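Asks: Please see the structure below; I have some questions.
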Amino acid sequence: MALAFDEFGRPFIILREQEKKTRLRGLDAQKANIAAGKAVARILRTSLGPKGMDKMLQSPDGDVTITNDGATILEQMDVDNQIAKLMVELSRSQDYEIGDGTTGVVVMAGALLEQAEKLLERGIHPIRVAEGYEMASRIAFDHLESISQKFEFSADNIEPLVQTCMTTLSSKIVNRCKRALAEIAVKAVLAVADLERKDVNLDLIKVEGKVGGKLEDTELIYGIVVDKDMSHPQMPKRIEDAKIAILTCPFEPPKPKTKHKVDIDTVEKFQTLREQEQKYFDEMVQKCKDAGATLVICQWGFDDEANHLLMHRNLPAVRWVGGVELELIAIATGGRIVPRFQELSPEKLGKAGLVREKSFGTTKDRMLYIEQCANSRAATIFIRGGNKMMIEETKRSLHDALCVARNLIRNNSIVYGGGSAEISCSIAVETAADRHPGVEQYAIRSFADALDAVPLALAENSGLLPIDTLTAVKAQQVKESNPHCGIDCNDVGTNDMKEQNVFETLIGKQQQILLATQVVKMILKIDDVISPAEY
């Protein structure tokens, strides 16, 4: 961009291909940006809460995704507008950090933008709005801290954790067996958690799915499930006290790297070659046997001869196991991954109490279960479902539940769900607005109104009268000064969320408010949009 001056010394700006570029300035730019942000929020608004609807997205190559996980919907949507992309990143960062509340954070940001638009139309400067929002978000953040409750759980009493995971799952498609899935998620997290360090490594929890069966057949395996079967049909299907050799070298004769040619012109030469290969295989199998291995798991394939030999020598083997799975098996069984046969030794073997092959239904589908491992800190959640979409959606839902359980182990404060936390913050922010002289108090009040968007959307999606329900709950919170009153989405008959056992993690809620405010501030500060020519 270059500046040129006319004879009066006024600058005019020269842009390349000026006439092709579109340019929005000042209030127009802000309004266009706010409209884009609101459009994204409006899409997600209907999928909030236990009665929220699902979205069906079709990718260019025809894959269909059915989900109501905010982050997934936005990831799959093809978004052109830059501001809408900010919203996508907003839900993604909530997903990375907290794992749950991805829809709520976008709805919240959309509501803040909507309120900001009204303020801008009144002629309030966007920076003052942004500053007011920042103050309000601090007030809400601290207020959440004050209404939160700690709850104690231990390895023996996991009920509080299960209740919180059930809240997460109740807004998903799997809500009919949320109790079972919540228990699975909590047990999986506790299996890999380090409670002293308050740390959970979610990489140790593997979520596998197989079409067939019903959701209720979903199970938690303390160990690893590999989608492979024994390399030879006559190998034993069940091995107890297995000593596992984990190999990344193939059971095949070595292939010279150079270009080579072997001339075999007599039967004897052929016999010698064959004997050599046989001897080579024998040595390989013998090395495994000498080390004491009773099961071989290999990253590469074997040829038929090797397979046959392994069978004869009673050495069950599994081939073509992926790298990630190998690592998990090594962690779980306490073995080492061995790159060469020469390096096999008894101490490098992994130990597992039981390795069994399990077949499903009437098909030839078989999977290998490695259980009772030496180092039990690896778990697999094995999902069953009627179709692929269901399994994928269950995986996403369980991911949310696992993240919630992990967050609670890190920080065991909770707030109550059902929009009660938002309503309570809204009341607190409204009260605090009076203490701020100046234009900011308008923005702080607007922030309080925007906080009501989440409970409003919850009521709307549940088929209740949104405004009546919200005002009733708000009045009840003020009258009884009880921050646990929320929207009774499931028609239980009470709107005390403590009785309904609807919890959310405190850090999740706080993160939602902070992230939404940050993005809105950023959007409000943009006052000039130069977009390139449309081709």
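Asks: Within 10 Å, count the other beta carbons around each residue, average over each peptide in 377-387, 59-69, and list them highest first.
Replies: Values: 377-387: 20.4, 59-69: 14.0.
Listed from highest to lowest mean packing, they are 377-387, 59-69.
Asks: For region 492-532 and region 199-225, what is the separation of their Cα centres, given in Å?
Replies: 31
Asks: Hey, what's the Cα Rg ratio for the chain versus the globular rule of thumb, 2.2 N^0.38 Å?
Replies: 1.26
Asks: Per DSSP H run of n ≥ 4, the term is -39500 (n - 2.57); total these for the chain, divide by its residue number, and report the mean residue ellipticity at 222 nm rounded to 500 deg cm²/dmol. Let's see the in-between values first.
Replies: Details: 17 runs with 253 residues, N = 535.
For the chain, the value works out to -15500 deg cm²/dmol.
Asks: Could I ask something else about it? For Lys228, list the aspartates and glutamates whose Cα falls under 19 Å from its own Cα; do not include residues on the same chain fewer than 8 positions away.
Replies: Partners found: Glu208, Glu219, Glu240, Asp303, Asp304, Glu325, Glu327, Glu357, Asp365, Glu371.
Asks: Probe of 1.4 angstrom, ligands and nucleic acids ignored: what's the accessible area per residue over the chain, in square angstrom?
Replies: Values: 26000 Å² over 535 residues.
Accessible surface, normalised per residue, equals 49 Å².
Asks: What percent do you get for the relative contact order of region 223-375 when only Cα pairs under 8 Å and 6+ apart count?
Replies: Details: 293 pairs, mean separation 60.7, N = 153.
Value for region 223-375: 40 percent.
Asks: Quick check on packing: order 233-245, 143-155, 98-110 by the mean number of other C-beta atoms within 10 Å, highest mean leading. Before the final figure, lay out each step's value.
Replies: Numbers: 233-245: 16.6, 143-155: 14.6, 98-110: 27.2.
Descending packing order for the listed peptides: 98-110, 233-245, 143-155.
Asks: Which whole-angstrom value gives the distance between the alpha carbon centres of region 229-306 and region 28-102?
Replies: Between the Cα centres of region 229-306 and region 28-102 lies a distance of 52 Å.
Asks: Determine by what factor the alpha-carbon radius of gyration of region 391-535 differs from 2.2 N^0.38 Å, reporting the quotient.
Replies: Numbers: Rg = 18.2 Å, N = 145, 2.2 N^0.38 = 14.6 Å.
In units of the globular-protein estimate, region 391-535 measures up at 1.25.
Asks: Run down the lysines and flag those whose C-alpha is under 25 Å from the C-alpha of Lys261, throwing out any fewer than 8 positions away in its chain.
Replies: Lys269, Lys279
Asks: Another one. Determine which lysines satisfy two conditions relative to Lys479: a Cα distance under 21 Å, and not lying fewer than 8 residues away in the same chain.
Replies: By straight Cα distance, Lys479 reaches Lys498.
Asks: Loop only per DSSP, at most 16 neighbouring Cβ atoms within 10 Å: give me the trypsin sites (Lys or Arg not before Pro) in region 441-535, ordered by residue number. Display every interim value, and only then the final one.
Replies: Details: sites: Arg445, Lys474, Lys479, Lys498, Lys509, Lys521, Lys525; in loops: Lys525.
Hits after loop and neighbour filter: Lys525.
Asks: Would you please put 449-455, 512-518, 157-163, 197-203 in order of how densely packed they are, using the mean number of other Cβ atoms within 10 angstrom per residue and starting with the highest? Mind showing how you got there, number by number?
Replies: On the way: 449-455: 25.1, 512-518: 23.1, 157-163: 18.0, 197-203: 14.1.
Listed from highest to lowest mean packing, they are 449-455, 512-518, 157-163, 197-203.
Asks: What is the distance in Å between the Cα centres of region 319-389 and region 406-447?
Replies: Distance between centres, Cα-based: 47 Å.
Asks: Pairs Lys358/Lys395; Lys31/Lys51; Lys214/Lys364: which exceed 25 Å Cα-Cα? Present the calculation step by step, with values, prior to reporting the outcome.
Replies: Values: Lys358/Lys395 21 Å; Lys31/Lys51 32 Å; Lys214/Lys364 18 Å.
The answer is Lys31/Lys51.
The values are calculated or read from the model by the stated rules, or taken from the named source; none is laboratory data. What you see is a predicted model, and the numbers here were worked out from it, not measured in a lab. Here the Cβ is made from the backbone with ideal geometry for all residues, glycine too, and neighbour counts use every protein chain on show. Just the protein is used for accessible areas: all its heavy atoms, side chains included, with ligands, DNA and RNA removed. Shrake-Rupley method; radii C 1.70, N 1.55, O 1.52, S 1.80 Å.
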